[in-house]
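> Got a structure here, written out as structure tokens. Questions coming.
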Amino acid sequence: MSVNILAIESSCDDTSCAVIRDGLLRSNVIAGQKVHEAYGGVVPELASRAHQQNIVPVVSEALRQAGIAKEELNAIAYTRGPGLLGSLLVGTSFAKGMAIGLDIPLIDVNHLHAHVLSQFIRETPDDEVPCFPYLCLLVSGGNSQIVLVRSASDMEILGQTIDDAAGEAFDKCAKVMGLPYPGGPHIDRLAAEGNPDRFLFSKPRIPGLDYSFSGLKTSFLYTVRDGLKENPDFIEENLSDLCASLQKTIVDILLNKLKKAIKETGVKEVAIGGGVSANSGVRDGVKALCERLKIKAWIPERRFTTDNAAMVATAGYFKYLKKEFGRLDNPPFARVSL
């Protein structure tokens, strides 16, 4: 008998629903929110309202694309946290209501676990997946971590940011240059046209495998400020070089600690996950590093790097097989460790 799982993701500003059958992805629908662009960042109240508008049509479309009736579902998986509490409440409430109505189990998923396990999203039985243990470089707007993944339920953070995340550095520096939100994709595009060695920015000297990006942001701000004092058109005339140099610095910081973690653990496979794993510099850098070290690199498709329900469904499927079901009285959480 087939196992059909519907998953809901609503941790930030994307409303997503996916359906998997026996571990294979059948649909993955995402509704974004353009309303935040005018504010230069996600507005929590607006995000939760948009989720309320989007969740019914998104779930309906995911079921339609999968060709599966709701009565055929065996469980409902959902992102319990971390994330924006108002947004999580929408997805959590809908998932609980649907599970009660269909009288099927509920599976709560850690959003960060889902990103780490995104490499296991399969669309055909022949799709390859990593072998345990492996290292995952988890980089997003709120997290920068190196995670040792021993199994789908056994993960250890070897290093993480002590202040700002890599994605936040991209977005905040993009805002300084007057680029639209989210700034990461714009920097990635402009960096391809610039000189990555034109500007030098501060790199932290943090012991162990931890990261820090606050000093980089300050260094970037001072460079732009000083440049504007001498030339009001400094940003416009140097935009591509600023983006290329910034991206190179962030990638160098990420890869320096990742290389150290690979040598300390002796793993033979490395994966990346999270929104910043869509960045061309990060993807190319990890590929090149793994080639030099003669180990396997797992680079996800870009559509699975941002927040999506396919990764929630995949993480939920692992828990379903172990009968690790959630409780109806479990509240969502805004912050939590991996």
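The values are calculated or read from the model by the stated rules, or taken from the named source; none is laboratory data. Remember, predicted model here, so these are calculated numbers, not experimental data. We place every Cβ from the backbone using ideal geometry, glycine too, and count neighbours over all the protein chains shown. Protein only, heavy atoms only, side chains kept; ligands, DNA and RNA dropped before computing areas. Shrake-Rupley method; radii C 1.70, N 1.55, O 1.52, S 1.80 Å.
> For residue 45, only one of the following conditions fails: (1) surrounded by 21 or more Cβ atoms within 10 Å (Cβ to Cβ); (2) more than 16 Å from the chain's Cα centre (by Cα); (3) over 16 Å from residue 327 (Cα atoms); (4) charged (D, E, K, R). What is its number?
Residue 45 satisfies all of (1) surrounded by 21 or more Cβ atoms within 10 Å (Cβ to Cβ); (2) more than 16 Å from the chain's Cα centre (by Cα); (3) over 16 Å from residue 327 (Cα atoms); (4) charged (D, E, K, R) except (1).
> Identify, from the list 209, 255, the residue that is without any contact (Cβ under 8 Å) to a residue 40 or more places away in the chain, in contact with a Gly (Cβ under 7 Å, 6 or more places away or on another chain) and surrounded by fewer than 21 Cβ atoms within 10 Å (Cβ to Cβ).
255
> So is residue 99 under 24 Å from the mean Cα position of the chain (by Cα) and modelled with pLDDT of 95 or more or not?
Details: under 24 Å from the mean Cα position of the chain (by Cα): no; modelled with pLDDT of 95 or more: yes.
No.
> Within the range 64-80, does at least one residue satisfy the condition of being surrounded by 19 or more Cβ atoms within 10 Å (Cβ to Cβ), part of a helix (DSSP H, G or I) and modelled with pLDDT of 95 or more?
Yes, the range 64-80 contains at least one residue that is surrounded by 19 or more Cβ atoms within 10 Å (Cβ to Cβ), part of a helix (DSSP H, G or I) and modelled with pLDDT of 95 or more.
> Tell me the residue from 288, 297 that is in contact with a strand residue (DSSP E or B) (Cβ under 6 Å, 6 or more places away or on another chain), over 18 Å from residue 174 (Cα atoms) and modelled with pLDDT of 95 or more, please.
Details: 288 fails: in contact with a strand residue (DSSP E or B) (Cβ under 6 Å, 6 or more places away or on another chain).
One residue alone meets the criteria, 297.
> Which helices (runs of 4 or more DSSP H) sit wholly inside the range 82-179 and have at least 1 residues that are within 19 Å of residue 248 (Cα to Cα), in contact with a Lys or Arg (Cβ under 8 Å, 6 or more places away or on another chain) and open to solvent by 30 Å² or more (accessible area, probe 1.4 Å)?
Here the list reads 166-176.
> Please specify each residue of the range 235-252 satisfying the condition of being touching a residue at least 60 places away in the same chain (Cβ under 8 Å) and open to solvent by less than 30 Å² (accessible area, probe 1.4 Å). Steps first, please.
Filtering the range 235-252 down to residues touching a residue at least 60 places away in the same chain (Cβ under 8 Å) leaves 239, 242-243, 246-247, 250.
The answer is 242, 243, 246, 247, 250.
> Within the range 221-234, identify whether any single residue is in contact with a Phe, Trp or Tyr (Cβ under 7 Å, 6 or more places away or on another chain), in a helix (DSSP H, G or I) and open to solvent by 50 Å² or more (accessible area, probe 1.4 Å), and answer yes or no.
Looking through the range 221-234, at least one residue is in contact with a Phe, Trp or Tyr (Cβ under 7 Å, 6 or more places away or on another chain), in a helix (DSSP H, G or I) and open to solvent by 50 Å² or more (accessible area, probe 1.4 Å).
> Right, here's the next one. Can you tell me which of 222, 181, 134 is of a type in the set (Phe, Trp, Tyr) and within 15 Å of residue 273 (Cβ to Cβ)?
Only one candidate qualifies: 134.
> Go through (1) out of contact with any Asp or Glu (no Cβ under 7 Å at 6 or more places or on another chain); (2) aliphatic (A, V, I, L, M); (3) under 30 Å from residue 103 (Cβ atoms) and name the single condition residue 289 misses.
(3)
> Of all the residues that make up the range 1-35, how many are under 9 Å from residue 308 (Cα atoms), part of a loop (DSSP other than H, G, I, E, B) and modelled with pLDDT of 95 or more?
Total meeting the criteria: 1.
> Here's something else I'd like to know. Output the qualifying pairs, or none if there are none: Cβ atoms under 6 angstrom, residues six or more apart or on different chains, first residue in the range 11-23 and touching a residue at least 24 places away in the same chain (Cβ under 8 Å) and of a type in the set (Ser, Thr, Tyr), second residue assigned to a strand (DSSP E or B) and open to solvent by 30 Å² or more (accessible area, probe 1.4 Å).
Cβ pairs passing all conditions: 16/30.
So that you can scan it fast, the table gives a plain yes or no per residue for (1) under 26 Å from residue 108 (Cβ atoms); (2) in contact (Cβ under 8 Å) with a residue 40 or more places away in the chain; (3) open to solvent by 50 Å² or more (accessible area, probe 1.4 Å):
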{"residue": "271", "(1), (2), (3)": "yes, yes, no"}
{"residue": "281", "(1), (2), (3)": "no, yes, no"}
{"residue": "284", "(1), (2), (3)": "no, no, yes"}
{"residue": "312", "(1), (2), (3)": "yes, yes, no"}
{"residue": "331", "(1), (2), (3)": "yes, yes, yes"}
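> Still on this structure, please answer the following. When the residues of the range 192-206 are narrowed to those that are among the hydrophobic types (A, V, I, L, M, F, W, C), closer than 21 Å to residue 257 by Cβ and at pLDDT 95 or above, which ends up surrounded by the fewest Cβ atoms within 10 Å (Cβ to Cβ)?
200
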